[in-house]
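What follows is a set of notes on a single structure, which appears directly below.
Derivation of every value follows stated rules applied to the coordinates shown; laboratory data play no part. All figures in this text were calculated on a predicted structure; none of them were measured in a lab. As a convention, Cβ positions derive from the backbone with ideal geometry for all residues, glycine included, and neighbour counts pool all protein chains shown.
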Amino acid sequence: MRTDATNVKMPSVEEIKKSVISKLRYSLCLEVDSATNADIFNALALTIRDYQLDGFFSTRKLQEKAKSKRLYYLSMEFLLGQSLRNNLMNIGLLQQAEHAVAELGFDFEHITAEEPDAALGNGGLGRLAACFIDSMATLDIAASGHGIKYEYGLFKQSIQHNQQVEQPDDWHSTHSPWLIEHHSQLMLIPLGGHIEESYDIEGNYNPMWMDWKVIVGIPHDYLVTGYGGKTVNTLRLYSAGASDSFDVHIFNRGDYLRAVGQKIASENISKILYPADEIQSGKELRLTQEYFLVACTLRDIFHDYAQHSSDITALPEAVAIQLNDTHPALAIVEMMRILVDEHRLDWSAAWEITQKTCAFTNHTLMPEALETWSVALFEKLLPRHLQIIYEINHRLLGEVAEKWPDKPHLLASLSLFEEGAEKKIRMANLAIVGSHKINGVAKLHSELITQTLVPDFYFITPEKFTNQTNGVTPRRWIQQANPGLAMFLTRHLGNGWVTDLDRLQQLKKLANEKGVVEEVQALKLKNKQALCRQIAFQQGVQLDPLAMFDCQVKRIHEYKRQLLNILHVIHLYLEIIESGHTPTPKVHLFAGKAAPGYAMAKLIIQLINEVAKTINGDPRVKGQLSVLFLEDYKVSLAEHIIPATDLSEQISTAGTEASGTSNMKFAMNGALTIGTLDGANIEIRDAVGKENFYLFGANADEITTHRQVGSHNRIDHNRDPIVSAVLEALISGRFNANTAVFQPIYHMLTNADHYCHLLDFDSYRLAQHQAQTDFLQQRQWHQRALLNIANMGSFSSDRTIRGYAKEIWGIGF
Ligand code: 26W
């Protein structure tokens with residue numbers, strides 16, 4: 001046993017081995033001789049968790065002693081992926097563990113591969129939350145994440161007959177070695193019932209929330225070790241269960257089946273993650289989940305606070321709450337309920353505390369993603385919360401009417417209620433009024449929030465609006481995903497870059513040094529070869545690692561324009577058939593999931609697969625063009641694809657992608673970007689230099705104008721022979737004998753084309769052609785790749801979290 005700089009005891013290889021054997025024996029009832037890879041994974045994870053627990057207790061002591069302000073990060077999604085390698089790296093035990101496993105006679109790669117991805121998220125928003133908790137622990141911030149322990153994460157995707165098929169993702173949450181259940185801390189959450197009007201002895205309105213049923217929340221802690229192992233924070237995930245006492249009540253009435261039914265209904269609350277991304281469904285179970293998360297978390301917050309203060313008015317000095325999109329916005333209402341109904345504070349004192357404590361991040365401009373909930377549904381599930389929302393609205397509109405009597409139009413847009421056939425609650429408006437800061441996730445996005453999404457809120461409270469451009473953690477996205485690059489960086493810069501990514505700047509002076517660019521080139525080739533082996537093994541397809549790897553991996557959505565990419569691939573295909581050659585051989589990789597109810601996105605997946613099948617089977621383009629859709633995109637697959645990419649596709653319609661984060665991961669792993677002026681692409685291009693970025697397409701203003709002009713300005717595809725050839729191929733039966741299959745795509749493109757595929761096609765084609773030509777100059781290409789890496793330092797999530805801490809949470813360093 002040795003002690004590291006932070007006084008945490010570090011075990012030797014021998015000690016790890018011993019502990020693995022002991023965990024096998026005493027926790028899992030197994031012996032090494034009969035253990036499988038999965039058993040070794042579990043025993044090793046339990047071993048590592050012990051070291052994390054030591055760090056957890058010392059962290060808690062330190063944070064209590066320092067009376068640190070605590071940040072609570074509320075999110076319906078945490079897209080963690082695998083944890084073993086990441087935890088080992090952050091604690092500093094990777095090599096010891098590798099040796100220990102080898103000495104036990106197992107292959108470390110096989111052991112890590114046993115771990116199922118924890119896919120408790122849909123995409124960007126959930127993965128951002130996972131990067132943030134890593135950065136908060138690394139920066140020694142007293143923080144915890146709060147989410148739901150879904151039994152089923154995001155569905156597993158397989159491709160059958162070229163189409164997406166969804167299967168349940170049972171990630172074995174009940175026996176994950178990383179989760180520590182705290183049954184003794186279970187909490188009771190009321191739901192349903194009705195309000196009885198009443199007054200207290202002083203005549204104050206004192207409504208009673210009656211006849212609610214009870215859901216039980218059971219916390220589970222996942223330990224989050226910061227880099228270096230000093231700080232160990234928690235991610236607390238709640239699962240839902242039924243309350244025994246409540247059931248007894250119905251059991252006693254002899255209604256056994258109803259009682260069991262209620263139990264199942266309660267457990268269902270944490271059963272499954274909603275697989276929607278950017279589309280809100282308005283389903284009762286989803287609203288219940290959101291409330292469940294918020295109610296459990298607030299009980300924890302008030303409980304923690306009571307441990308060190310009884311002065312509730314000082315809460316904002318000790319606590320900050322960050323709302324990851326509107327999904328947990330009910331925290332504002334639940335906090336008001338606790339302060340007013342339970343702590344008996346008067347409304348304005350309670351409101352001041354709530355506003356000072358809460359802050360809200362918006363992650364999307366897509367109108368269909370903005371949450372609204374039917375008032376009728378709300379009344380059924382949360383009658384007291386509905387009353388509180390009415391009161392918040394009443395006071396807001398009263399103040400606005402008094403302050404701006406000449407601007408009555410403000411009232412309709414600011415109201416927390418949307419009038420119409422069905423009256424609805426606007427969660428974004430609630431989140432904005434209840435928060436002291438509202439931020440977007442990239443400069444352009446934050447600007448569009450104030451200018452187009454909620455201009456009237458910006459008008460009444462401009463000081464609340466701010467930007468915090470997203471970032472990604474270099475621990476997972478460089479050190480873990482790309483160990484070759486990590487070693488290269490450490491060799492040239494020392495290992496400080498892992499926590500100070502701005503040091504990558506120092507690579508710039510190496511860009512002209514002999515041998516360095518060649519090293520970068522060799523690293524990329526190695527990563528491409530590794531990906532080729534994996535694809536050959538999993539999908540039986542041989543790819544040429546010397547070809548240019550052009551990748552688009554993200555949720556499938558019309559605004560992200562995978563369709564533009566595949567239309568261009570069709571064009572390349574037609575061109576090679578006609579001319580017989582291409583400037584440089586290309587491999588086009590796609591991966592991503594479509595929401596199960598999103599027909600157009602699923603059809604786009606089918607198109608990609610059918611085009612891939614046609615192209616890969618055509619001897620005329622063999623060795624020149626390959627296309628592949630990789631099944632079941634997830635964090636662990638991204639870790640293989642991103643380091644093996646030459647060209648990163650970031651081609652959303654300008655003004656639609658809030659930020660994007662894969663754009664950052666690709667660029668910091670030495671891919672060049674082809675992209676639009678959208679989201680964080682703009683800041684990436686500014687950072688890496690415009691000569692190292694393939695820009696194309698209309699900007700956000702031009703898109704707006706184009707849409708306003710509407711049908712008068714429609715692209716006349718008949719006049720462009722390239723576009724008409726592609727569209728003709730789409731419906732000609734070339735890719736599917738049934739010519740009706742892709743008609744909906746053809747129809748969409750030649751009518752509204754809301755995401756402006758055809759408007760940007762020509763500009764995209766030219767940028768693609770330029771990239772393909774430049775790729776022939778391998779030395780220059782990899783020199784530019786090196787400059788991309790060197791300039792990506794500010795896209796570390798450490799920078800982002802420092803920004804939140806300083807400007808939003810009031811947490812200093
Ligand atoms: C209620 C259904 C639903 C679920 C998730 C609606 C909307 C969402 C998210 C807001 C979707 C999302 O993941 N947004 C992405 O957030 C990333 C992190 O900030 C950004 O980088 C992406 O641009 C944005 O699309």
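For the structure I just gave you, tell me whether Pro275 is within 16 Å of the ligand (Cβ to nearest atom) and in contact (Cβ under 8 Å) with a residue 40 or more places away in the chain. Even if it seems obvious, please write down each step before you answer.
Details: within 16 Å of the ligand (Cβ to nearest atom): yes; in contact (Cβ under 8 Å) with a residue 40 or more places away in the chain: yes.
It is true that Pro275 is within 16 Å of the ligand (Cβ to nearest atom) and in contact (Cβ under 8 Å) with a residue 40 or more places away in the chain.
Based on this model, can you work out whether Tyr755 counts as closer than 26 Å to Asp277 by Cα and either of a type outside the set (Val, Ile, Thr) or touching a Pro at 6+ places or on another chain (Cβ under 9 Å) (or both)? The answer is yes for Tyr755. Looking across Val627, Val611, Val621, one residue alone is out of contact with any strand residue (DSSP E or B) (no Cβ under 7 Å at 6 or more places or on another chain), of a type in the set (A, V, I, L, M, F, W, C) and away from the ligand (no atom under 13 Å from the Cβ). It is Val621. Of all residues in region 656-700, which are among the hydrophobic types (A, V, I, L, M, F, W, C) and under 12 Å from Lys443 (Cα atoms)? Correct list: Ala658, Leu677, Ala680, Ile682, Ile684.
Within region 294-310, is there a residue that is under 30 Å from Ser652 (Cα atoms), touching a residue at least 40 places away in the same chain (Cβ under 8 Å), within 16 Å of the ligand (Cβ to nearest atom) and buried (at least 17 other Cβ atoms within 10 Å of the Cβ)? Working first, answer last.
As a first pass, look at region 294-310 and keep what is under 30 Å from Ser652 (Cα atoms): none.
So far as region 294-310 goes, no, none of its residues is under 30 Å from Ser652 (Cα atoms), touching a residue at least 40 places away in the same chain (Cβ under 8 Å), within 16 Å of the ligand (Cβ to nearest atom) and buried (at least 17 other Cβ atoms within 10 Å of the Cβ).
Consider region 643-653 and keep the residues that are closer than 25 Å to Gln783 by Cβ and in a loop (DSSP other than H, G, I, E, B). The one that is farthest from the chain's Cα centre (by Cα) is Asp646.
A search for C-beta distances below 6 Å between a residue of region 400-418 that is over 14 Å from Leu430 (Cβ atoms) and any residue that is of a type in the set (Val, Ile, Thr), counting only pairs 6+ apart in sequence or on different chains, returns Leu410/Val400. Checked against (1) at positive phi; (2) touching a Ser or Thr at 6+ places or on another chain (Cβ under 7 Å), Gly420 passes all but a single condition, namely (2).
Of the listed requirements (1) surrounded by 17 or more Cβ atoms within 10 Å (Cβ to Cβ); (2) within 16 Å of the ligand (Cβ to nearest atom); (3) outside any strand (DSSP E or B), Glu368 misses just one: (1).
Applying the criterion of at least 1 residues that are free of Cβ contacts under 8 Å to residues at least 24 places away in the same chain and over 28 Å from Leu504 (Cβ atoms) to the helices (runs of 4 or more DSSP H) found wholly in region 654-746 leaves 700-709, 721-731. Does at least one position in region 479-489 carry a residue that is surrounded by 16 or more Cβ atoms within 10 Å (Cβ to Cβ) and farther than 30 Å from Asn669 by Cβ? Scanning region 479-489, I find no residue that is surrounded by 16 or more Cβ atoms within 10 Å (Cβ to Cβ) and farther than 30 Å from Asn669 by Cβ, so the answer is no.
Checking the condition touching a residue at least 12 places away in the same chain (Cβ under 8 Å) and not in a loop (DSSP other than H, G, I, E, B), which residue from Leu776, Leu759 passes?
On the way: Leu776 fails: not in a loop (DSSP other than H, G, I, E, B).
The unique qualifying residue is Leu759.
Within region 781-804, the set of residues being crowded, with 24+ Cβ neighbours inside 10 Å and hydroxyl-bearing (Ser, Thr, Tyr) comprises Ser796, Ser797, Tyr804. Could you tell me whether Leu564 is under 30 Å from Gly494 (Cα atoms) and crowded, with 19+ Cβ neighbours inside 10 Å? No. The combined condition, being over 24 Å from Gly660 (Cβ atoms) and touching a Leu at 6+ places or on another chain (Cβ under 8 Å), is fulfilled by Thr288. Identify all residues within region 183-206 that are surrounded by 13 or more Cβ atoms within 10 Å (Cβ to Cβ) and in contact with a Pro (Cβ under 9 Å, 6 or more places away or on another chain); write none if there are none. Gln185, Leu186, Met187, Gly192, Gly193, His194, Ile195 - these are the residues of region 183-206 that are surrounded by 13 or more Cβ atoms within 10 Å (Cβ to Cβ) and in contact with a Pro (Cβ under 9 Å, 6 or more places away or on another chain).
Would it be correct to say that Leu154 is in contact (Cβ under 8 Å) with a residue 24 or more places away in the chain, surrounded by 14 or more Cβ atoms within 10 Å (Cβ to Cβ), within 18 Å of the chain's Cα centre (by Cα) and not in a helix (DSSP H, G or I)? Here the answer is yes, as Leu154 does meet what is asked.
Glu578 satisfies every condition listed in (1) acidic (Asp, Glu); (2) farther than 29 Å from Asn738 by Cα; (3) part of a helix (DSSP H, G or I) except (2).
Residues that are within 16 Å of the ligand (Cβ to nearest atom), charged (D, E, K, R) and closer than 27 Å to Trp171 by Cβ are absent from region 671-690 altogether.
Report, by residue number, each residue of region 47-97 that is at positive phi and out of contact with any strand residue (DSSP E or B) (no Cβ under 9 Å at 6 or more places or on another chain). Even if it seems obvious, please write down each step before you answer.
As a first pass, look at region 47-97 and keep what is at positive phi: 67, 81, 92.
Across region 47-97, the qualifying residue is only Lys67.
Here Phe360 meets each of (1) within 16 Å of the ligand (Cβ to nearest atom); (2) in contact with a helix residue (DSSP H, G or I) (Cβ under 7 Å, 6 or more places away or on another chain); (3) in a helix (DSSP H, G or I) with one exception, condition (3).
Every residue in region 325-352 that is in a helix (DSSP H, G or I) and closer than 20 Å to Gly145 by Cα, please. Let's see the steps before the verdict.
Restricting attention to region 325-352, the residues satisfying the condition of being in a helix (DSSP H, G or I) are 330-342, 347-352.
If the condition is that a residue be in a helix (DSSP H, G or I) and closer than 20 Å to Gly145 by Cα, then Leu330, Ala331, Ile332, Val333, Glu334, Met335 are the ones that fit.
Return the residue satisfying two criteria in turn: it lies in region 318-341 and is β-branched (Val, Ile, Thr) and in contact with a strand residue (DSSP E or B) (Cβ under 6 Å, 6 or more places away or on another chain), and of such residues it is farthest from the ligand (Cβ to nearest atom).
Just the residues of region 318-341 that are β-branched (Val, Ile, Thr), to begin with: 319, 321, 326, 332-333, 338, 340.
Checking the rest, the ones that are also in contact with a strand residue (DSSP E or B) (Cβ under 6 Å, 6 or more places away or on another chain) come to 319, 321, 332.
On the way: Val319: 24, Ile321: 18, Ile332: 17 Å.
My answer is Val319.
Name every residue in region 747-756 that is assigned to a loop (DSSP other than H, G, I, E, B) and not aliphatic (A, V, I, L, M), in order of residue number. Result: Asn751, Asp753, His754, Tyr755, Cys756.
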